[in-house]
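Please find one structure pasted underneath; my questions will follow.
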C-alpha cells in the first residue's frame, strides 16, 4: 500500500491510495477534511494533520476493505463507525511524540 496525501487547503486534503488487489495495482482517491478543532480534539495538536490522516487510513485499512472507505469524509466521522478510534489515536500519539 502506498499513501499520498496532498494538502488542498488548510483543512482539506486529497488522499491517493495505491493498493494491490489480485496482483493488480488499484488506485483510490479520497477527500478528507481535518479542522484545527478536530486535530486538537484527537491529538491535542501534538502531530500535524498529514500524519493524523496517514494514521487514520492505516487504522481503517486494518478494519475494512479500501472499497468500504467513504470517498469524502471528515476525520471525526471515523469514531461514529469505530468508537475506539479516538483512543487508538491518543495511544499512537503518546508512542510517537
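The values are calculated or read from the model by the stated rules, or taken from the named source; none is laboratory data. This one's a predicted model, so the numbers in the text were calculated from it and none came from an experiment. Quick reminder, even Gly has a Cβ in these numbers, built from the backbone with ideal geometry, and neighbours come from all protein chains shown.
Just to verify a result, which residue in the stretch 61-90, among those that are in contact with a strand residue (DSSP E or B) (Cβ under 7 Å, 6 or more places away or on another chain) and assigned to a helix (DSSP H, G or I), is surrounded by the fewest Cβ atoms within 10 Å (Cβ to Cβ)?
66
If the requirement is being modelled with pLDDT of 95 or more, surrounded by fewer than 16 Cβ atoms within 10 Å (Cβ to Cβ) and out of contact with any helix residue (DSSP H, G or I) (no Cβ under 6 Å at 6 or more places or on another chain), which of these qualifies: 21, 16?
16
Follow-up. From the set of residues in the stretch 1-13 that are free of Cβ contacts under 8 Å to residues at least 40 places away in the same chain and surrounded by 13 or more Cβ atoms within 10 Å (Cβ to Cβ), which is farthest from residue 64 (Cα to Cα)?
Restricting to residues being free of Cβ contacts under 8 Å to residues at least 40 places away in the same chain and surrounded by 13 or more Cβ atoms within 10 Å (Cβ to Cβ), the top hit is 11.
With the requirement that a residue be in contact (Cβ under 8 Å) with a residue 40 or more places away in the chain and either in a strand (DSSP E or B) or surrounded by fewer than 18 Cβ atoms within 10 Å (Cβ to Cβ) (or both), what does the stretch 24-34 give you?
26, 28, 29, 30, 31, 32, 33
Then there's this: Any residue that is surrounded by 14 or more Cβ atoms within 10 Å (Cβ to Cβ), in a loop (DSSP other than H, G, I, E, B), in contact with a strand residue (DSSP E or B) (Cβ under 8 Å, 6 or more places away or on another chain) and touching a residue at least 40 places away in the same chain (Cβ under 8 Å) - is there at least one of those in the stretch 38-59?
Taking every residue of the stretch 38-59 in turn, none turns out to be surrounded by 14 or more Cβ atoms within 10 Å (Cβ to Cβ), in a loop (DSSP other than H, G, I, E, B), in contact with a strand residue (DSSP E or B) (Cβ under 8 Å, 6 or more places away or on another chain) and touching a residue at least 40 places away in the same chain (Cβ under 8 Å).
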